[in-house]
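What follows is a short report on a single structure.
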Amino acid sequence: MIRFEMQDGVFNFRVAGVLCRQGKVLLHRNEKDGYYAFPGGRVEPFEDTEESLRREFREEMAQPVKIDRLLAVHENFFRNRGKTFHELGFYYQVAFDGEPVIPVEGTFFSKEREEDGTPHLKFVWVELAQVDVLPLRPDFMKPRLLHPSAQVEHVVSHAL
(Lines give C-alpha, C1' and ligand atoms only; values in the text may rest on other atoms or scores of the structure.)
Protein backbone atom coordinates (compact mmCIF):
# COMPACT_ATOMS: atom_id res chain seq x y z
CA MET A 1 0.00 0.00 0.00
CA ILE A 2 1.17 3.51 -0.69
CA ARG A 3 1.33 5.04 2.77
CA PHE A 4 4.35 6.87 4.12
CA GLU A 5 4.70 7.61 7.82
CA MET A 6 6.97 10.58 8.43
CA GLN A 7 7.99 12.43 11.56
CA ASP A 8 5.45 15.20 10.93
CA GLY A 9 2.61 13.17 9.45
CA VAL A 10 1.29 10.53 7.07
CA PHE A 11 0.85 10.45 3.30
CA ASN A 12 -1.89 8.19 1.86
CA PHE A 13 -2.75 7.39 -1.75
CA ARG A 14 -6.39 6.28 -1.55
CA VAL A 15 -9.08 5.20 -3.99
CA ALA A 16 -12.80 4.97 -3.25
CA GLY A 17 -15.98 3.88 -4.97
CA VAL A 18 -19.37 5.56 -4.95
CA LEU A 19 -21.88 2.74 -5.35
CA CYS A 20 -25.51 3.88 -5.56
CA ARG A 21 -28.56 1.64 -5.92
CA GLN A 22 -32.27 2.41 -5.66
CA GLY A 23 -31.78 5.78 -3.97
CA LYS A 24 -29.13 4.54 -1.53
CA VAL A 25 -25.35 4.76 -1.34
CA LEU A 26 -22.98 2.19 0.16
CA LEU A 27 -20.75 3.55 2.94
CA HIS A 28 -18.46 1.96 5.48
CA ARG A 29 -17.25 2.75 8.95
CA ASN A 30 -14.34 1.62 11.07
CA GLU A 31 -15.64 1.40 14.64
CA LYS A 32 -12.47 3.20 15.81
CA ASP A 33 -13.54 6.28 13.84
CA GLY A 34 -16.57 8.49 14.36
CA TYR A 35 -17.39 8.90 10.68
CA TYR A 36 -18.46 7.08 7.51
CA ALA A 37 -16.48 6.89 4.28
CA PHE A 38 -16.81 5.45 0.79
CA PRO A 39 -15.55 1.88 0.30
CA GLY A 40 -12.03 1.64 -1.00
CA GLY A 41 -8.51 1.65 0.30
CA ARG A 42 -4.91 2.36 -0.44
CA VAL A 43 -3.37 1.95 -3.86
CA GLU A 44 -0.54 -0.59 -4.12
CA PRO A 45 2.76 0.33 -5.86
CA PHE A 46 2.58 -0.12 -9.65
CA GLU A 47 -1.21 -0.59 -9.52
CA ASP A 48 -3.47 1.83 -11.36
CA THR A 49 -6.34 3.36 -9.41
CA GLU A 50 -9.10 1.49 -11.24
CA GLU A 51 -7.52 -1.91 -10.62
CA SER A 52 -6.88 -0.89 -7.03
CA LEU A 53 -10.55 -0.09 -6.51
CA ARG A 54 -11.69 -3.39 -8.03
CA ARG A 55 -9.20 -5.20 -5.78
CA GLU A 56 -10.42 -3.39 -2.64
CA PHE A 57 -14.07 -4.34 -3.34
CA ARG A 58 -12.99 -7.97 -3.86
CA GLU A 59 -10.89 -8.04 -0.67
CA GLU A 60 -13.33 -6.26 1.61
CA MET A 61 -16.61 -7.78 0.47
CA ALA A 62 -15.93 -10.25 -2.38
CA GLN A 63 -17.99 -7.96 -4.63
CA PRO A 64 -16.95 -7.50 -8.27
CA VAL A 65 -17.50 -3.96 -9.52
CA LYS A 66 -17.08 -2.17 -12.80
CA ILE A 67 -15.81 1.37 -13.00
CA ASP A 68 -18.24 3.84 -14.57
CA ARG A 69 -16.23 7.05 -14.39
CA LEU A 70 -13.87 9.19 -12.35
CA LEU A 71 -15.82 11.71 -10.25
CA ALA A 72 -13.14 13.61 -8.36
CA VAL A 73 -9.50 13.86 -7.41
CA HIS A 74 -9.14 15.06 -3.84
CA GLU A 75 -6.07 16.54 -2.16
CA ASN A 76 -6.98 16.27 1.51
CA PHE A 77 -5.06 17.74 4.44
CA PHE A 78 -6.52 16.75 7.83
CA ARG A 79 -5.89 15.42 11.34
CA ASN A 80 -7.09 12.03 12.56
CA ARG A 81 -6.21 10.01 15.67
CA GLY A 82 -3.61 12.60 16.63
CA LYS A 83 -1.77 12.55 13.29
CA THR A 84 -1.57 15.01 10.40
CA PHE A 85 -2.47 13.49 7.02
CA HIS A 86 -1.86 14.44 3.40
CA GLU A 87 -4.11 12.19 1.35
CA LEU A 88 -4.48 11.98 -2.39
CA GLY A 89 -7.82 10.36 -3.23
CA PHE A 90 -9.45 9.25 -6.47
CA TYR A 91 -13.27 8.88 -6.27
CA TYR A 92 -15.00 6.74 -8.89
CA GLN A 93 -18.63 6.00 -9.66
CA VAL A 94 -18.92 2.21 -9.64
CA ALA A 95 -21.63 -0.37 -10.31
CA PHE A 96 -22.09 -4.05 -9.59
CA ASP A 97 -20.37 -6.27 -12.13
CA GLY A 98 -23.03 -8.94 -12.48
CA GLU A 99 -25.45 -9.87 -9.75
CA PRO A 100 -24.73 -8.44 -6.29
CA VAL A 101 -23.08 -10.85 -3.86
CA ILE A 102 -23.45 -8.46 -0.93
CA PRO A 103 -26.71 -7.50 0.80
CA VAL A 104 -28.37 -4.67 -1.15
CA GLU A 105 -29.90 -3.09 1.94
CA GLY A 106 -29.19 -2.88 5.65
CA THR A 107 -25.75 -3.52 7.12
CA PHE A 108 -23.04 -6.16 6.77
CA PHE A 109 -19.40 -6.60 7.75
CA SER A 110 -16.16 -6.79 5.79
CA LYS A 111 -14.40 -10.05 5.03
CA GLU A 112 -11.16 -8.55 6.41
CA ARG A 113 -10.57 -8.93 10.16
CA GLU A 114 -8.71 -7.00 12.85
CA GLU A 115 -5.98 -8.75 14.86
CA ASP A 116 -8.57 -9.69 17.51
CA GLY A 117 -10.80 -11.35 14.88
CA THR A 118 -13.48 -8.67 14.75
CA PRO A 119 -14.59 -7.32 11.36
CA HIS A 120 -12.42 -4.47 10.09
CA LEU A 121 -15.35 -2.49 8.60
CA LYS A 122 -19.11 -2.20 8.93
CA PHE A 123 -20.91 -1.48 5.64
CA VAL A 124 -24.28 0.25 5.50
CA TRP A 125 -26.68 1.32 2.76
CA VAL A 126 -27.82 4.90 3.44
CA GLU A 127 -30.68 6.78 1.80
CA LEU A 128 -29.21 9.55 -0.34
CA ALA A 129 -31.56 12.05 1.33
CA GLN A 130 -30.02 11.19 4.74
CA VAL A 131 -26.38 11.55 3.75
CA ASP A 132 -26.35 15.26 4.56
CA VAL A 133 -26.80 14.62 8.30
CA LEU A 134 -24.18 11.85 8.55
CA PRO A 135 -20.58 12.39 9.58
CA LEU A 136 -19.26 11.51 6.11
CA ARG A 137 -15.70 12.01 4.95
CA PRO A 138 -14.79 13.58 2.73
CA ASP A 139 -17.73 15.90 3.26
CA PHE A 140 -17.27 17.65 -0.10
CA MET A 141 -18.94 14.60 -1.63
CA LYS A 142 -22.27 15.10 0.20
CA PRO A 143 -23.86 17.59 -2.25
CA ARG A 144 -22.32 15.76 -5.21
CA LEU A 145 -24.27 12.61 -4.37
CA LEU A 146 -27.58 14.38 -5.00
CA HIS A 147 -26.30 16.68 -7.75
CA PRO A 148 -23.39 14.99 -9.52
CA SER A 149 -21.22 17.00 -11.85
CA ALA A 150 -20.70 15.89 -15.43
CA GLN A 151 -17.05 16.97 -15.13
CA VAL A 152 -14.23 15.40 -13.15
CA GLU A 153 -13.54 17.69 -10.23
CA HIS A 154 -10.26 18.56 -8.54
CA VAL A 155 -10.90 19.42 -4.87
CA VAL A 156 -8.40 20.59 -2.27
CA SER A 157 -9.44 20.49 1.41
CA HIS A 158 -7.48 21.96 4.31
CA ALA A 159 -8.94 20.87 7.64
CA LEU A 160 -5.81 21.22 9.77
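The values are calculated or read from the model by the stated rules, or taken from the named source; none is laboratory data. As the structure is a prediction and not an experimental result, all values here were calculated from the model. As a convention, Cβ positions derive from the backbone with ideal geometry for all residues, glycine included, and neighbour counts pool all protein chains shown. Each accessible area value is taken on the protein alone, full model and side chains, heavy atoms only, with ligands, DNA and RNA left out. Shrake-Rupley method; radii C 1.70, N 1.55, O 1.52, S 1.80 Å.
Remark: E44 matches the filter, which requires a residue to be within 19 Å of I2 (Cβ to Cβ) and assigned to a loop (DSSP other than H, G, I, E, B). From the set of residues in region 93-150 that are in a loop (DSSP other than H, G, I, E, B) and hydrophobic (A, V, I, L, M, F, W, C), which is surrounded by the most Cβ atoms within 10 Å (Cβ to Cβ)? The residue in question is L121. Contact annotation: residue pairs with Cβ atoms under 7 Å, 6 or more positions apart or on different chains, pairing a residue in region 108-121 that is farther than 16 Å from D33 by Cα and in contact (Cβ under 8 Å) with a residue 12 or more places away in the chain with a partner that is assigned to a strand (DSSP E or B) and open to solvent by less than 60 Å² (accessible area, probe 1.4 Å), are F108/F123. Just so you know, in region 20-42 the residues that are under 10 Å from the mean Cα position of the chain (by Cα) and among the aliphatic types (A, V, I, L, M) include one that is farthest from V124 (Cα to Cα), and it is A37. Being open to solvent by 40 Å² or more (accessible area, probe 1.4 Å), among the charged types (D, E, K, R), in contact (Cβ under 8 Å) with a residue 60 or more places away in the chain and under 26 Å from R3 (Cα atoms) is the requirement here; does E87 meet it? Against the criterion (open to solvent by 40 Å² or more (accessible area, probe 1.4 Å), among the charged types (D, E, K, R), in contact (Cβ under 8 Å) with a residue 60 or more places away in the chain and under 26 Å from R3 (Cα atoms)), E87 does not qualify.
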